[in-house]
Every structure is written in C-alpha cells, then in structure tokens.
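Let me begin by presenting the structure, written as structure tokens, before commenting on it.
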Amino acid sequence: MDAAVSGLLFRDAEIGGRGRTHVRVVGERIADVGPHLTPAGSEEVVECRGGALLPGLWDHHLHLHALWAWRRSVLCGPPQVEGRDALAAALRAAPPDENGWVRGVGYAESVAGDLDAARLDALRSDVPVRVQHRSGALWMLNSAAARDAGLAEGRHPGIERGPAGVPTGRLWRADDWLRTRLPAGPPADLSAVGAELARYGITGVTDATPDLTTDAIAAFEEGAVPQRVHLLGMPLDAPAPRRPEVTTGPYKIVLADSGLPSLDDLTGRIASAHAYGRAVAVHCVTREALLLLLAALGATGVRDGDRVEHAALVPAETVGELARLGLRVVTQPGFIADRGDDYLRDVPASDHGDLYRCRRLADAGVPVALSSDAPYGPLDPWAVIRAAVKRRTRSGAVVAGGEAITARAALRSYLTPPGDPGGRARGVRPGAAADLVLLHVPLAEALRGPDATAVRSTVIAGRRNGAS
C-alpha cells in the first residue's frame, strides 16, 4: 500500500450504476460528492473516465492464515492434479520446508481414493508428508509424519485408528492439536495475502477461523493486512481488539459432519455465546447439521446477527424456518464452479436442488451474503459472482439452476457491511469510510461479464493500491 495522501479527487466516476460525478477523499473518509468539485491544493486527481466507483468489496467468510499457508504448499487436488501418478509426481517434486516436511493441500478422493499413512508412503516416504483434504477438515500423514507428530501416543479424538488401535495417519478436525506437535515454522507474513485481496477490490474480510490463538489475534491487531478484519474466532472472554480496523463478530461454532454434538451441548454453547452478548456463526454443511442448529435455536432463541455459515445443503422445508427465525446465511456458490461435478457424482440426485441455495432464500426474506471460504474455495469475488449467476460446473453442467441470482444482486452482497451480511449495501456518500474500488468500465458493463480484470484501483482507509 502507498503512503496515505492528503486527499484524492476521483473525477468523472460513475456512482451507483447511474450518473457520473466527482468524489473527494480526505484522510480516511469520503468528504464530498458532487459534479462541481475542483482540485484543491496538492490532492491527487484520478481521472475515472466513467468507470464505476464502488464501496470496497467485503468477503464475509475466509481464513487468512490458512490462505497464507496454502500459498506455501503443494497443490494435491483438481484441477491441477488428477490421478495417482500426478499426485505422486507433485509430492516427489515438492521441496521440503525449513523443517524438512512437505505440506500438501486441496486433496480430493477423486484423485487417488482415500489416503492413509500406507498409501502416502507409496507416494513419498523419504520425508514427513502431510496432506490436507480440500474441505479443511482432514489431515492425512505418511508414516514418517505420523511418527514425528506422535500419533501413536496422541489422545485427540480426531485421531483415526485401525482395528488394533494403530493410527491410520488420518486426523479429523485436529488442527490445533497437530500444530502443537509440529516443528515451529516461520510466522505468517500476511502482506502478500493483503495485496492479493486488494487486487480483487476487497477492502474488508471476515476471518471465520474458530478459536483464534493469541498470536493470530496479535497479528491482526498489528495490521498484518491492510484490509479491515472482522473476527468470528475471538474467544468469548477476550477483550475487544485495540485497533478500530479490527472488530469482533459473531462467535464461530463448528458443527463437524464427522461428529455432530448433542442437542444439549449445542444449545449450551449458543446460550453461552448469547450470554456474552455475541451472536453465533454456525458452520453447517449437511442437512443433519442444519436441522440440529434449527432445533437448538428453537430452544435458545435467536439473537440479532445469528448466522449460518456455508448452508451447503438447505432442504426446501427449512427455508421458511430460516426466514421465521431471522437467521442470515453466508454461503459460497463458488464451490459449484470449483467442485460441482463432484457434487453431481457424489451427492444424491434428490439433494442437488438444495446445494448452495441463493435465490429461494433471498425470495423468502433470508439475508444472503456471498463469500469465498478461501483457501478452500475460490478467493476471486468476481469468479464467485459468475458462479452465483451461471451455477455451472467445470464441465458445463448446471447445478440447481433455479437458485441463480443476478450479477447485480451477487455483487450487492459483497457490498454489505460485516455486521449486516446480506443486508443494506454500503454506498459512496459523504462521511463514509474511504474504502473504495474503481473499475475500468461502468457497472453495467462489468456485470455483463464479471471479471477481476475490471478492477483498476483499490482504496483502503484513503490509501490507494494498484492504480493505473
């Protein structure tokens, strides 16, 4: 990011997809909007030539530290890697990290079936290897990694064991435990992640990582990324963040499909969060998880801001209940484009219409916000917008076409504030934060074929990035 300037004047910018006017930024705020503004003093003038000037995009669900780690890992899944031979080649070509380990990401069973220690040994056994499933819920370790991590004596419930009690090398939702057994790596450098986000026009993100460590929170408070950050993983008893650019969101609860909690347990966790004055953001990717959540909220009552994360499968009969309870949905139609062919193959045909609903939820009055779930889903918001419009898989098949929404509606969800995902969109108006994205073209043209190449420049708190 460039140093803050004393002022910016955007000349001849399209605002709200309608008229063209000028916009003045002073410090971190929009100072004025109008057709008669003229350059003042030494402020920087940006000639927009009719390009749309929008509020900066907000990704309502991603994982910043995981995204950094993903960029340092070897890709082990489609479309880059298809088939056992390609996986073996990718792992064998990967240089070990500073601790002698190889870290793989993005694995899917379509590549080489279920992986365990023995199968990974056949692919690479000379160094410790760990491969993450593309869902983020499962780690698969070869024998050297299992030995170094101490799986045999480990007591985490997510350690999968064979009939004789010997670990298979598979760990379910054991990230925090595994982290304590791995050699210490370098601290995350999120600056490159922040720059990548800015290139897409993203000026704010909601980090959905649960149970954030003190180190992770400290990194955000120290300005590790230029974007504003809304945290779902803040512990219930944690003090409010020190920097105004970092805020506390609803409390993240994961309903793992590998082992759902009891109704009493979930009800207690929701009630506890509500007692602390926090709404909840609940990870739901299966029908059973959603039904369990609705039952729990029926017992606890709903707090304003309670939201369903992912909502990967939403049975038609639950749409009305979601609306009645006043819940929000933060979903990722980008998975349709990224994994849709797998869904069509692996998910029962009777459930295809329930996948990553958008339109029916919105029509029922449920606020819907789009997001990436990066690194597990596509980060590019313009690709997510295309997926919401087209609902097409890599092969061109359409998944739940009736759930398609317009490009304008999809973009609008990215313009809603972190505390009101899917609610009222932010605008370019005096007094608003100077978090802006300038496009090369008018909005209507950009929406005819949503693409990140339309982004010309991003402004975060009055600081410009990627100008041309």
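Restricting to segment 348-378, and then to whatever is basic (Lys, Arg) and open to solvent by 30 Å² or more (accessible area, probe 1.4 Å), can you tell me which residue is nearest to ILE336 (Cα to Cα)?
My answer is ARG359.
Do any residues in segment 101-129 that are more than 30 Å from VAL347 (Cα to Cα) and hydroxyl-bearing (Ser, Thr, Tyr) have Cβ atoms under 9 Å from those of residues that are open to solvent by less than 10 Å² (accessible area, probe 1.4 Å) and assigned to a loop (DSSP other than H, G, I, E, B), where the two are at least six apart or on different chains, and which pairs are they?
SER125/ASN142
With (1) more than 28 Å from SER413 (Cβ to Cβ); (2) at pLDDT 95 or above; (3) open to solvent by less than 40 Å² (accessible area, probe 1.4 Å) as the list, and VAL46 as the residue in question, which single condition is left unmet?
Among (1) more than 28 Å from SER413 (Cβ to Cβ); (2) at pLDDT 95 or above; (3) open to solvent by less than 40 Å² (accessible area, probe 1.4 Å), VAL46 violates only (1).
Have a look at ASP114, ASP85 and point out the one that is open to solvent by 30 Å² or more (accessible area, probe 1.4 Å), more than 28 Å from the chain's Cα centre (by Cα) and of a type in the set (D, E, K, R).
ASP85
Considering only residues that are open to solvent by 30 Å² or more (accessible area, probe 1.4 Å) and either assigned to a helix (DSSP H, G or I) or over 27 Å from TYR343 (Cβ atoms) (or both), which ones fall in segment 94-111?
Within segment 94-111, PRO95, PRO96, ASP97, GLU98, ASN99, GLU109, SER110 qualify.
Starting from segment 55-72, take each residue that is over 30 Å from PHE10 (Cβ atoms) and list its partners that are among the hydrophobic types (A, V, I, L, M, F, W, C) and open to solvent by 20 Å² or more (accessible area, probe 1.4 Å), counting only C-beta distances under 6 angstrom and pairs at least six apart or across chains.
Short answer, once both residue conditions are applied: HIS65/ALA188; TRP68/ALA188.
Does ALA316 satisfy the criteria of being surrounded by 15 or more Cβ atoms within 10 Å (Cβ to Cβ), under 29 Å from VAL347 (Cβ atoms) and modelled with pLDDT of 95 or more?
No, not satisfied.
Exactly one condition in (1) open to solvent by less than 30 Å² (accessible area, probe 1.4 Å); (2) in contact with a strand residue (DSSP E or B) (Cβ under 9 Å, 6 or more places away or on another chain); (3) outside any loop (DSSP other than H, G, I, E, B); (4) more than 25 Å from ARG278 (Cβ to Cβ) is false for GLY154; which is it?
(3)
Quick one: which of SER73, SER6 is out of contact with any His (no Cβ under 7 Å at 6 or more places or on another chain) and modelled with pLDDT under 95?
SER6
Condition first: within 23 Å of VAL246 (Cβ to Cβ) and open to solvent by 30 Å² or more (accessible area, probe 1.4 Å). Can you find one or more residues in segment 450-463 that meet it?
Yes, segment 450-463 contains a residue that is within 23 Å of VAL246 (Cβ to Cβ) and open to solvent by 30 Å² or more (accessible area, probe 1.4 Å).
Kindly indicate the residue of segment 286-305 that is open to solvent by less than 10 Å² (accessible area, probe 1.4 Å), in contact with a Ser or Thr (Cβ under 9 Å, 6 or more places away or on another chain) and of a type outside the set (Gly, Ala, Ser) and also farthest from LEU355 (Cα to Cα) among those meeting that condition.
Checked segment 286-305; the qualifying residue farthest from LEU355 (Cα to Cα) is LEU297.
It is to be established whether one or more residues within segment 401-418 are part of a loop (DSSP other than H, G, I, E, B), modelled with pLDDT of 95 or more, over 19 Å from ASP380 (Cα atoms) and open to solvent by 20 Å² or more (accessible area, probe 1.4 Å).
For segment 401-418, residues part of a loop (DSSP other than H, G, I, E, B), modelled with pLDDT of 95 or more, over 19 Å from ASP380 (Cα atoms) and open to solvent by 20 Å² or more (accessible area, probe 1.4 Å): absent.
Would you mind stating whether LEU294 is aliphatic (A, V, I, L, M), within 30 Å of SER395 (Cβ to Cβ), in contact with a helix residue (DSSP H, G or I) (Cβ under 7 Å, 6 or more places away or on another chain) and not in a strand (DSSP E or B)?
no
The values are calculated or read from the model by the stated rules, or taken from the named source; none is laboratory data. Please read these numbers as outputs of a predicted model, since none were measured by experiment. As a convention, Cβ positions derive from the backbone with ideal geometry for all residues, glycine included, and neighbour counts pool all protein chains shown. For the accessible areas, the whole protein counts, side chains as well, though only heavy atoms, and no ligand, DNA or RNA atoms are used. Shrake-Rupley method; radii C 1.70, N 1.55, O 1.52, S 1.80 Å.
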